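Accompanying notes for the structure given below.
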There are 2 protein chains.
Amino acid sequence: MLKEAEKTFSDFLEKKDLKLTSQRRTILRVAFEAEGHFSAEALLSLSKKADSTISKATVYRTLALLKESQILEEQDFGDGKKVYERAQGRKHHDHLICIRCGKIIEFENEPIERLQNAEAQKHRFKIVYHSLKLFGFCNSCG
Amino acid sequence: MLKEAEKTFSDFLEKKDLKLTSQRRTILRVAFEAEGHFSAEALLSLSKKADSTISKATVYRTLALLKESQILEEQDFGDGKKVYERAQGRKHHDHLICIRCGKIIEFENEPIERLQNAEAQKHRFKIVYHSLKLFGFCNSCG
DNA sequence: CTCTCAATTGAGACTAATTCTCAACTAGAG
DNA sequence: CTCTAGTTGAGAATTAGTCTCAATTGAGAG
């Protein structure tokens, strides 16, 4: 999983004449060890544990590259900060977000995707990516 | 349309023991004269034309009230600032967003809504509101 | 109409996430 | 090993949005 991502990342960087630095390697590894959704701030703090000299600026810059290379996906659950999750090698999914406890539930729904594509076609629109978020109360917060 | 919203707003304010001030009246009217989606910044600038003493703080505070009373709906198209659109008396709709020219296309799709509800039910989740955004290239930017 | 007082306001300070600047540093081609 | 373009850390800058507080005002009571 991580190996694959490292390959994707180094190919991506090479194609853009960018360098694979130790900081970028560390940040990628730490992002892969993080479970679920994590913020830039959390990634910074985790990265600093592996290499205390890594700065905020580098984390943000590297996140932008990981996003662009589609290794990570950016999500905005509406709490004022963006979070990230692994995308490479995972199926696309959307989210249910509990507005009371903050729980995030992931789901896949092919029929919805098909209807989205049909809707886009109707407007002669080419979808590049999409975002479907259902906000409400989870099971426990009912 | 505006008359209706003014009624909704004054009822809403009364119920919460809040006052219908001239600033709130002005901001509501200006928001209704604005077409489509507008930012808080744009609303401030338009409101200042009607009453130059209206401040940023009042616009943000009033937007929160208009959102809470469901006269306006808040949208985030991912460019770092929230935008608002009229909600009262309009059908729910979702958006196609062109990532090249920024054009916004609205659409209604009942079948998608039904599938969303079914998906939520599967997780015993109560949807309060949702957001579906399809990003890509419009007809002209294809 | 006037009084009263809680709600409201404007101005600008403040917050927080993210981006930028720039001099010092480094990956990696040759 | 040497170059050099790309990279980095530190902290300043930016920017949307929120907060503070003294002065003001809407609107019910009299």
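The values are calculated or read from the model by the stated rules, or taken from the named source; none is laboratory data. In this text the structure is predicted, and so the values were computed from the model without any measurement. Note that we place each Cβ from the backbone using ideal geometry, even for glycine, and neighbour counts take in every protein chain shown. Ligands, DNA and RNA are excluded from the accessible area calculation, which covers all protein heavy atoms including side chains. Shrake-Rupley method; radii C 1.70, N 1.55, O 1.52, S 1.80 Å.
Listed values, structure above:
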{"read-out": "Selection from the stretch A:62-77 of residues that are touching a helix residue (DSSP H, G or I) at 6+ places or on another chain (Cβ under 6 Å) and assigned to a strand (DSSP E or B)", "value": "A:LEU72, A:GLU74"}
{"read-out": "Residue within the stretch A:66-83 that is open to solvent by 20 Å² or more (accessible area, probe 1.4 Å), more than 20 Å from B:LEU96 (Cβ to Cβ), modelled with pLDDT of 95 or more and more than 16 Å from DNA strand C (Cβ to nearest atom) present", "value": "yes"}
{"read-out": "Set A:ASN109, A:ASN139: member being facing chain B (nearest Cβ under 9 Å) and open to solvent by 70 Å² or more (accessible area, probe 1.4 Å)", "value": "A:ASN139"}
{"read-out": "Qualifying residue in the stretch B:15-24 (condition: in contact with a Phe, Trp or Tyr (Cβ under 8 Å, 6 or more places away or on another chain), among the β-branched types (Val, Ile, Thr) and either part of a loop (DSSP other than H, G, I, E, B) or away from DNA strand D (no atom under 12 Å from the Cβ) (or both))", "value": "no"}
{"read-out": "Residues (of a type outside the set (S, T, N, Q) and surrounded by 15 or more Cβ atoms within 10 Å (Cβ to Cβ)) located in the stretch B:35-49", "value": "B:HIS37, B:PHE38, B:ALA40, B:ALA42, B:LEU43, B:LEU44, B:LEU46, B:LYS48"}
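Yes or no, residue by residue, for (1) assigned to a loop (DSSP other than H, G, I, E, B); (2) touching a residue at least 60 places away in the same chain (Cβ under 8 Å):
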position: A:TYR60; (1), (2): no, no
position: A:ASP79; (1), (2): yes, no
position: A:GLN88; (1), (2): yes, yes
position: A:HIS92; (1), (2): yes, no
position: A:LEU96; (1), (2): no, no
position: A:ARG100; (1), (2): yes, no
position: A:GLU113; (1), (2): no, no
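Yes or no, residue by residue, for (1) of a type outside the set (Val, Ile, Thr); (2) under 16 Å from A:GLN88 (Cβ atoms):
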| residue | (1), (2) |
| --- | --- |
| A:GLU14 | yes, no |
| A:LEU18 | yes, no |
| A:THR26 | no, no |
| A:ARG29 | yes, yes |
| A:ALA34 | yes, yes |
| A:PHE38 | yes, yes |
| A:LEU46 | yes, no |
| A:LYS49 | yes, no |
| A:ILE54 | no, no |
